[in-house]
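Working notes for the structure below.
What follows draws every value from the coordinates through simple rules; no lab data is involved. Because the structure is a prediction, the values reported are computed rather than measured. FYI the Cβ positions are ideal-geometry reconstructions off the backbone, even for glycines, and counts take in every protein chain you see.
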Amino acid sequence: MPHDFMPGLAGVPAATSSISDVDGQRGILEYRGVRVETLCSESSYLETAYLLLFGHLPSPREFQQWTTDVTHHRRIKFRIIDLLKCLPESGHPMDALQAAVAALGMFYPGRNVKDVENNYWSTVRLVAKLPTIVAAWARLRHGDDPIVPRDDLEFSENFFYMLTESVAPPVWGEIFDDCLILHAEHTMNASTFTGLVTASTLADPYTVVASSIGALKGPLHGGANEEVVVMLREIGTPDKARLHVEHALRNKKKLMGFGHRVYKVKDPRATVLQELCRRLFKECGSSPLYEVALEVEAAAGATLNGKGIYPNVDFYSGIIYDKMGVDVDLFTPLFAMARVSGWLAHWLEQLRENKLFRPDQIYSGEHNRPYVPIDQR
Ligand code: CMC
């Protein structure tokens, strides 16, 4: 058996998949063969989620059914709200989200993952309820009551309504929806792989998604979007960006929101996010963070671009959320709300030809070591 060890499984295929594809040299991302830029200009998050989950763009009838199903499953049980109320309000929203999603599985037991209909409803519930959980936690931790979702509002509009109890300007809903599309799926990343490993044990989908949420939280993955805004705020003004970047790189510190295992050019999602930033600023005035970010990108580029390190999806997304008044520690939960459709698409794909993940290791320890009794050590 070959034993070429690839740290971080870099370049090692873990599955065959027809869900999405990245061309890291040319900066192209496709969902089911459709360019992500096209989906942002033509589609909606819910339609894109359908495409990812079921492999084709829905017919008008399919789309109506899917939208109705998701809309009717947005509410969460009062016991899930009670559970959130019991968590420490200073806790990270990703931990609250993970706990609530794991608990959902106790209310909707779907242990038989061979049941196609049950799998459909689990998918509907998870896509529908994650935003409600995120918004409920965002309010509960400040002592406010959660807001019941409104069926007459579209997916993204409803999220802002549940967060603020007011209907955001339509352009916010459109921009936010595009952000969700951009974050919905990204081939075999750490959280998707985590979900696949869990799925391969035939665990229920709530457990699959809860495990993916755990992996997404880390700063090398989805947690980077939060760290970027913290960094930009710390820098404060564009004139201080160069010094900050040079100091960080000299001290071998990684710049959050830069670099990618697959992209060796600028992440196409970062480019679209910049367009969305500009669109938002036209409506609501500019953001000082954006000016700082541009300077950071220019300053970092001088050293990092030669190594194939450019801004990734996490670099500009937080600036949009910040402008929309979303708390910085909610940025990664927003990522999860979007990515749940990608995770579930991989879960469904894994179930079709499941094989338990059980990789090998290269043992680097000792053999035949004597046991020394405790009083002789
Ligand atoms: N800033 C400075 N140097 C970097 C960065 C960065 N952001 N990313 C990679 N490098 C350097 C790294 O120091 C190393 O240099 P050297 O060869 O001189 O030691 C080289 O590039 C290779 O780095 P690596 O970490 O071994 O490469 P990787 O393929 O494992 O990196 C990464 C992928 C995303 C973990 C990494 O680029 C990183 O840590 N970036 C910052 C965190 C971040 O923005 N994560 C979000 C990733 S994209 C969206 C998502 O998944 O959420």
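Tabulated data
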quantity: Hypothetical label at Ile28: residues of the stretch 160-193 whose amide nitrogen lies under 18 Å (7 Å Cα-Cβ projection); calculated: 186-188
quantity: The chain: calculated mean residue ellipticity at 222 nm from DSSP helix runs of at least 4, using -39500 (n - 2.57); calculated: -18000 deg cm²/dmol
quantity: Cβ charges +1 (Lys, Arg) and -1 (Asp, Glu), total dipole of the chain, debye; calculated: 880 debye
quantity: Charge tally in the Cβ shell below 15 Å around Glu227, where Lys, Arg are +1 and Asp, Glu are -1, Glu227 excluded; calculated: -2
quantity: Computed over the stretch 224-323, the ratio Rg/Rh where both radii use C-alpha atoms and Rh is Kirkwood; calculated: 0.94
quantity: Net length gained if the chain between Gln361 and Arg111 were fully extended (0.36 nm per residue, minus Cα distance); calculated: 87.0 nm
quantity: Rg to Rh, two decimals, where the stretch 1-122 supplies the alpha carbon set and Rh follows Kirkwood; calculated: 1.05
quantity: Around Tyr206: net Lys/Arg minus Asp/Glu count, Cβ-Cβ under 12 Å; calculated: +2
quantity: 13 Å beta-carbon shell around Val265, net charge (K/R +1, D/E -1); calculated: +3
quantity: Å³ per residue enclosed by the Cα convex hull of the stretch 121-202; calculated: 125 Å³
quantity: Estimated Rh, the stretch 195-265: Kirkwood, alpha-carbon pairs, angstrom; calculated: 14.6 Å
quantity: Gain on full stretching of the segment that runs from Lys253 to Asn305 - 0.36 nm per residue minus C-alpha separation; calculated: 17.1 nm
quantity: Computed lengthening from Phe5 to Ala298, 0.36 nm per intervening residue step minus Cα-Cα distance; calculated: 101.9 nm
quantity: Dmax and Rg, reported as Rg then Dmax, of the chain (C-alpha, Å); calculated: 21.6, 76
